[in-house]
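Structure, as C-alpha cells:
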Amino acid sequence: MHVQSTHFVISWNVPRITTPDKKNHDAHEAAHLYARRLEEYYARYQQLFGITDRNNMRNRHTLMVFEEHEQALQAGPPYTMLQGLPTVKHAGGAKDESVVVSWWDKGEFPKETDFWRHQLHHMLHQFTAVYYDLAWFKVGEVGLNPPWLHDKYGWLDEGLGHWFEIDYDRRARTYCTREQTVDSRWGGDDWRKNIYKAVSGGDLVSFAEVITKPTPSLTAKEHQFAWSWVDFLMSRDTLAMGKAMKLAKQKRETREILKEAWGLSMLDFETAWQAWVLETYAPKKGAR
C-alpha cells in the first residue's frame, strides 16, 4: 500500500494493526493513519523549533514498513545504502533523499504504541538531518557534512530523539546503537527517576566529555543524561533549540552553541541543569 501526503510517502506492508483506542485498521487505513500522524508530528517539530520548509534541503520523507524481516533486509541497501534490523535510514547524499526502512518486529514492538514511538525517534533524526539551508553559508563554505548530528553532536542527536519519545508516552526505548540498551543499571522506563538519583547522589557523567562523542559511542547512562540535558534546554526555550541545530550544522563548538542559543556558559548550564533536575524530577509526595 502506498500513500503520499505533503511531506511523506508511506509504503506499507503490514496487513492489519490495532491502535491504543482498540480500533483495527487494515493496511490501507494504517498507511493513511501514519501519514496523518507524521504530518502532525512534522508540523509540531517545525513550530517548536521555528523551522520552515525553505530551511530544509528536502521536504519529503519516505517511510517503508514491512511485516517480514526478509523484506526489510532486501529494501534497506537500495533505498538507504544500509542493511540492518529493525530499522535503517538515510538522508542527504546526491539527491538529498530521506528514507526510513523499518521491520515491524513484534518481539521488539508488541504494541502499535511501541512501533509508533520507535518511528518518532527515527523520524526526528531525518528531520534534523535535512535541516540544512545553503543560505547559512558563504559561497564555497561547507557546513556539517554529512548533515547528520550523529557524528559530531551525539548528545544533541540522541537527546532530541529520546525527548520526543518520552514526550509521547514517558518511555524511551529506541537506541540507534542496539548494544547500548544492555546496561541494567540504566534500564527501565523512568528516566526522570534515574537522573534524579544520579544528580542527588553525585553520580554524574562529564558533560565536557560526552559532548565530544558521536552517537554510537554513547553508553546507556549517557543516553539518559543527554535526554535530560535536552529536556532542560527545551524547558527554557524551544526556539533556541532550532538556533542550536543551525549552529551545529555550521560546526560550532557546543560551548558556543549554549552561549548563542540560550545565553549560558558551560558552567552556568551544568549548575542550572542540576538545580532544575532536583526541583523538576523530584518524586511527588504520595507517589510510589
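The values are calculated or read from the model by the stated rules, or taken from the named source; none is laboratory data. Computed from a predicted structure; not experimentally measured. We place every Cβ from the backbone using ideal geometry, glycine too, and count neighbours over all the protein chains shown.
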I'd like the full set of residues that are surrounded by fewer than 20 Cβ atoms within 10 Å (Cβ to Cβ), in contact (Cβ under 8 Å) with a residue 12 or more places away in the chain and over 20 Å from residue 30 (Cβ atoms), limited to the stretch 94-118. 96, 97
If the requirement is being among the hydrophobic types (A, V, I, L, M, F, W, C) and outside any loop (DSSP other than H, G, I, E, B), which of these qualifies: 247, 204? 247
For the stretch 238-261, what are the residues that are surrounded by 17 or more Cβ atoms within 10 Å (Cβ to Cβ), without any contact (Cβ under 8 Å) to a residue 24 or more places away in the chain and closer than 17 Å to residue 136 by Cα? 240, 247, 252, 257
The correct count of residues that are over 13 Å from the mean Cα position of the chain (by Cα), of a type outside the set (D, E, K, R) and part of a helix (DSSP H, G or I) in the stretch 96-128 is 2
Which one of these does residue 28 not meet: (1) touching a strand residue (DSSP E or B) at 6+ places or on another chain (Cβ under 9 Å); (2) surrounded by fewer than 16 Cβ atoms within 10 Å (Cβ to Cβ); (3) within 17 Å of residue 110 (Cα to Cα)? (3)
Can you confirm whether residue 219 is under 21 Å from the mean Cα position of the chain (by Cα), at pLDDT below 95 and of a type in the set (Ser, Thr, Tyr)? yes
Closer than 19 Å to residue 147 by Cβ and surrounded by fewer than 16 Cβ atoms within 10 Å (Cβ to Cβ) - does that describe any residue in the stretch 206-225? yes
From the list 29, 39, pick out the single residue that is among the acidic types (Asp, Glu), farther than 14 Å from residue 61 by Cα and not in a loop (DSSP other than H, G, I, E, B). 29
For the structure I just gave you, tell me whether residue 14 is farther than 17 Å from residue 112 by Cβ and either more than 24 Å from the chain's Cα centre (by Cα) or not assigned by TED's automatic domain parsing to the domain that holds residue 262 (or both). no
Does any residue of the stretch 6-20 turn out to be aliphatic (A, V, I, L, M), surrounded by fewer than 17 Cβ atoms within 10 Å (Cβ to Cβ) and part of a loop (DSSP other than H, G, I, E, B)? no
Cβ-Cβ distance below 8 Å, separation of 6 or more or different chains: which pairs start in the stretch 262-275 with a residue that is within 13 Å of residue 236 (Cβ to Cβ) and end on one that is charged (D, E, K, R)? 262/236; 262/237
Restricting to the stretch 119-156, give me the number of residues that are buried (at least 22 other Cβ atoms within 10 Å of the Cβ) and farther than 30 Å from residue 31 by Cβ. 4
Residues of the stretch 250-259 classified as part of a helix (DSSP H, G or I), within 16 Å of residue 144 (Cβ to Cβ) and not aliphatic (A, V, I, L, M), total: 2
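Table: residues versus (1) at pLDDT below 95; (2) touching a Gly at 6+ places or on another chain (Cβ under 8 Å); (3) in the same structural domain as residue 48 (by TED's automatic domain parsing).
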position	(1), (2), (3)
164	no, no, no
180	yes, no, no
185	yes, no, no
190	yes, no, no
195	no, no, no
200	no, no, no
203	no, no, no
208	no, no, no
213	no, yes, no
